[in-house]
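Asker: First, the structure itself, so that you have it in front of you.
The values are calculated or read from the model by the stated rules, or taken from the named source; none is laboratory data. Being a predicted model, the structure only gives us computed values, none of them experimental. Virtual Cβ from ideal backbone geometry, glycine too; neighbours counted across all protein chains shown. Accessible surface areas use protein heavy atoms only, side chains included; no ligands, DNA or RNA. Shrake-Rupley method; radii C 1.70, N 1.55, O 1.52, S 1.80 Å.
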Amino acid sequence: MKKVLIANRGEIACRVIEACRAQGLSSVAVYSEADAGALHVELADEAVSVGPAPARKSYLDRVAVLEAARRTGADAVHPGYGFLSESAGFARMVEEAGLIWLGPDAETIAIMGDKGAARQAAIEAGVPVLPGTAPFGPAEEADIDALGAEIGFPLLVKATAGGGGIGMRRVETPEALADAVATVQAHAERTFGDGTVYLERFIRRARHIEIQIFGDGAGHVAVFPERDCTLQRRYQKILEESPAPDLSEDVRAAMKAAARRLAQARRYRSAGTVEFVYDAEKGDWFFLEMNTRIQVEHRVTEMVTGTDLVGMQLRLALGGLDDLAEEYGVLGGRWAIEARLCAEDPEKNFLPRPGKLERLDLPQADETLVVDCGLRAGDAVSPHYDSMIGKLVACGPSREAAMRRLDKALAAVRVEGVVTNAGFVRRLLALPDFAAAEVHTQYVDVKLAELLTGETAPA
């Protein structure tokens, strides 16, 4: 392997280019017409246009991206996250073309991308799953009322092909169930081409805990310290940290063991994340899903362990990871926490605010701060893609120190031309409930009005 095509854009494309350079590999960027002058295009050794601005006509065009690899003589494809990263069909196309896919095999991507199949895989691996029903489609006869009564309320209606909060609806009462099922099925059919759904128990005071794993494809799976991604809005993460605060050692160990069992059962290859929901009231925990790719928050794990997860992906493809450990621990009591800086307006229901970045001043990175950004002053936050400008990842010798470092970094951000969420994130960091680890996945949604005024009472 000598040349890697990065099938992505923005900060993750820049991150992979950095890792390629560290391994002595050439990089190929792909770009849409909207990204012709983008930073990742400038940083790569080569760059190829793959189509117009809309993602479906460029970054999601599997044929165009694969043709770019062929034209440039790339040996491998790194998908980053989003776009084609969890497309089993694209992974299969890459491997059938004789190229190296820098991720898990297509079959694993397909199984873990189907929530019903993923639940079954977890059950077979002895991993606890939330009480739920078998998947059922719009044309199938299902006694929805009986299924709802069996699960209990509140519950979630979830599309089997969904993810990241897309294709999901909470139902509080039996009377609202039929309409919710019909709505999610119709939305899933339009969005994913698959209207299959299932019902699952909803935990009111849930925490979102995830375990980073890395497999060599031969059954050896390393596990890393857990990340806590509880503070989120509408299932979209806002702050991510490691280790998870106020989590017992027994639960940590049990989650890591479960993540390893699931990955070993699939003979998992490359980086992946097994996500769990933790019931803060009862102490129970359950499998949520598995992400078969590198995560936005992978830098959090890198900072507390001193590893390079993207570099490990490349090294695995270059000939193996003979030094892959069984488990990676936190170095010297470190703590890391990440914030996503987005062009969105918290005062207007977090509406994305694309536009030209007339000014973009970010704090200087150092040993306590990573700054990942794929934009510069003068660039535009495009309406065609995600509104994330970049991410700031702070590290310290304690949770309090990491929080202070992140707040200082956010305070130094200066953006003109678009509205950002920087002030809102600083408000979250200052919450007594957050400092006390007494938040849950619905916290921001429940407390939003008060959070916007800065007068939030304990949840």
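Asker: Is there a residue being more than 26 Å from residue 334 (Cβ to Cβ), outside any helix (DSSP H, G or I) and open to solvent by less than 40 Å² (accessible area, probe 1.4 Å) anywhere in region 422-429? Break it down stepwise before answering.
Answerer: Filtering region 422-429 for residues more than 26 Å from residue 334 (Cβ to Cβ) gives 423-424.
Now restrict to residues that are outside any helix (DSSP H, G or I): none.
No: zero hits.
Asker: If you go through region 306-319, how many residues are open to solvent by less than 30 Å² (accessible area, probe 1.4 Å) and outside any helix (DSSP H, G or I)?
Answerer: Counting residues in region 306-319 that are open to solvent by less than 30 Å² (accessible area, probe 1.4 Å) and outside any helix (DSSP H, G or I) gives 1.
Yes/no matrix, rows are residues, columns are (1) among the β-branched types (Val, Ile, Thr); (2) farther than 30 Å from residue 34 by Cβ:
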site	(1), (2)
388	no, no
391	no, no
409	no, no
418	yes, no
424	no, no
428	no, yes
432	no, yes
437	no, yes
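Asker: Another one. From the residues in region 143-164 that are assigned to a helix (DSSP H, G or I) and farther than 25 Å from residue 254 by Cβ, which one is least open to solvent (accessible area, probe 1.4 Å)?
Answerer: Within region 143-164, the first condition is being assigned to a helix (DSSP H, G or I), and the residues that meet it are 144-151.
Subset that is farther than 25 Å from residue 254 by Cβ: 144-150.
Details: 144: 39, 145: 108, 146: 51, 147: 40, 148: 0, 149: 77, 150: 138 Å².
Looking at the filtered set, the residue picked out is 148.
Asker: With (1) closer than 28 Å to residue 355 by Cα; (2) in a helix (DSSP H, G or I); (3) among the small types (Gly, Ala, Ser); (4) at pLDDT 95 or above as the list, and residue 449 as the residue in question, which single condition is left unmet?
Answerer: Condition (4) is where residue 449 drops out.
Asker: I would also like to ask the following. Modelled with pLDDT of 95 or more, open to solvent by 40 Å² or more (accessible area, probe 1.4 Å) and out of contact with any helix residue (DSSP H, G or I) (no Cβ under 6 Å at 6 or more places or on another chain): which single residue out of 244, 253, 280 fits that description? Can you show your working first?
Answerer: Values: 244 fails: open to solvent by 40 Å² or more (accessible area, probe 1.4 Å); 280 fails: modelled with pLDDT of 95 or more.
Answer to the check: 253.
Asker: What number of residues within region 364-376 are surrounded by 15 or more Cβ atoms within 10 Å (Cβ to Cβ) and either of a type in the set (Asp, Glu) or closer than 15 Å to residue 341 by Cα (or both)? Steps first, answer last, please.
Answerer: Step one: list which residues in region 364-376 are surrounded by 15 or more Cβ atoms within 10 Å (Cβ to Cβ), which gives 368-375.
Among the residues that remain, those that are also either of a type in the set (Asp, Glu) or closer than 15 Å to residue 341 by Cα (or both) are: 369-375.
The total comes to 7.
Asker: I would also like to ask the following. Take the conditions in a strand (DSSP E or B), within 30 Å of residue 447 (Cα to Cα) and of a type in the set (Lys, Arg) and apply them to residue 340. Does it pass? Before you say what the answer is, go through the steps one by one.
Answerer: On the way: in a strand (DSSP E or B): yes; within 30 Å of residue 447 (Cα to Cα): yes; of a type in the set (Lys, Arg): yes.
It is true that residue 340 is in a strand (DSSP E or B), within 30 Å of residue 447 (Cα to Cα) and of a type in the set (Lys, Arg).
Asker: Quick check on residue 340: is it without any contact (Cβ under 8 Å) to a residue 24 or more places away in the chain, under 30 Å from residue 246 (Cβ atoms) and open to solvent by 10 Å² or more (accessible area, probe 1.4 Å)?
Answerer: Details: without any contact (Cβ under 8 Å) to a residue 24 or more places away in the chain: no; under 30 Å from residue 246 (Cβ atoms): yes; open to solvent by 10 Å² or more (accessible area, probe 1.4 Å): yes.
The answer is no for residue 340.
Asker: From the residues in region 118-142 that are among the hydrophobic types (A, V, I, L, M, F, W, C) and without any contact (Cβ under 8 Å) to a residue 24 or more places away in the chain, which one is surrounded by the most Cβ atoms within 10 Å (Cβ to Cβ)? Write out each step before concluding.
Answerer: Filtering region 118-142 down to residues among the hydrophobic types (A, V, I, L, M, F, W, C) leaves 118, 121-123, 125, 127, 129-130, 134, 136, 139, 142.
Subset that is without any contact (Cβ under 8 Å) to a residue 24 or more places away in the chain: 123, 139, 142.
Values: 123: 12, 139: 7, 142: 17.
Once the filter is applied, the top-ranked residue is 142.
Asker: Okay, moving on. Just to be sure, is residue 264 farther than 20 Å from residue 11 by Cα and among the polar types (S, T, N, Q)? Before the answer, list the steps.
Answerer: Numbers: farther than 20 Å from residue 11 by Cα: yes; among the polar types (S, T, N, Q): yes.
Against the criterion (farther than 20 Å from residue 11 by Cα and among the polar types (S, T, N, Q)), residue 264 qualifies.
Asker: Given the options 89, 80, 98, name the one that is small (Gly, Ala, Ser) and open to solvent by less than 10 Å² (accessible area, probe 1.4 Å). Spell out the reasoning first.
Answerer: Details: 89 fails: open to solvent by less than 10 Å² (accessible area, probe 1.4 Å); 98 fails: open to solvent by less than 10 Å² (accessible area, probe 1.4 Å).
None of the other options fit; the residue is 80.
Asker: Name the single residue, out of those in region 207-223 being closer than 28 Å to residue 156 by Cβ and out of contact with any Asp or Glu (no Cβ under 6 Å at 6 or more places or on another chain), that is surrounded by the most Cβ atoms within 10 Å (Cβ to Cβ).
Answerer: The initial filter retains those residues of region 207-223 that are closer than 28 Å to residue 156 by Cβ, namely 207-213, 223.
Those still in the list that are out of contact with any Asp or Glu (no Cβ under 6 Å at 6 or more places or on another chain) too: 207-208, 212-213.
On the way: 207: 23, 208: 21, 212: 29, 213: 22.
Only one residue tops the list, namely 212.
Asker: Quick one: which strands (runs of 3 or more DSSP E) sit completely within region 165-271 and have at least 3 residues that are more than 26 Å from residue 108 (Cβ to Cβ) and basic (Lys, Arg)?
Answerer: Details: elements: 166-171, 197-201, 206-216, 221-228, 239-242.
Fully inside region 165-271 and qualifying: nothing.
Asker: Something else about it: What number of residues within region 287-302 are touching a Lys or Arg at 6+ places or on another chain (Cβ under 8 Å), aliphatic (A, V, I, L, M) and either open to solvent by less than 10 Å² (accessible area, probe 1.4 Å) or farther than 17 Å from residue 16 by Cβ (or both)? Outline the logic, then answer.
Answerer: Quick first cut of region 287-302, residues touching a Lys or Arg at 6+ places or on another chain (Cβ under 8 Å) only: 287, 289, 296-297, 299-301.
Right, trim to aliphatic (A, V, I, L, M) and you get 296, 300.
Filter again for either open to solvent by less than 10 Å² (accessible area, probe 1.4 Å) or farther than 17 Å from residue 16 by Cβ (or both), leaving 300.
Residues flagged as touching a Lys or Arg at 6+ places or on another chain (Cβ under 8 Å), aliphatic (A, V, I, L, M) and either open to solvent by less than 10 Å² (accessible area, probe 1.4 Å) or farther than 17 Å from residue 16 by Cβ (or both) within region 287-302 amount to 1.
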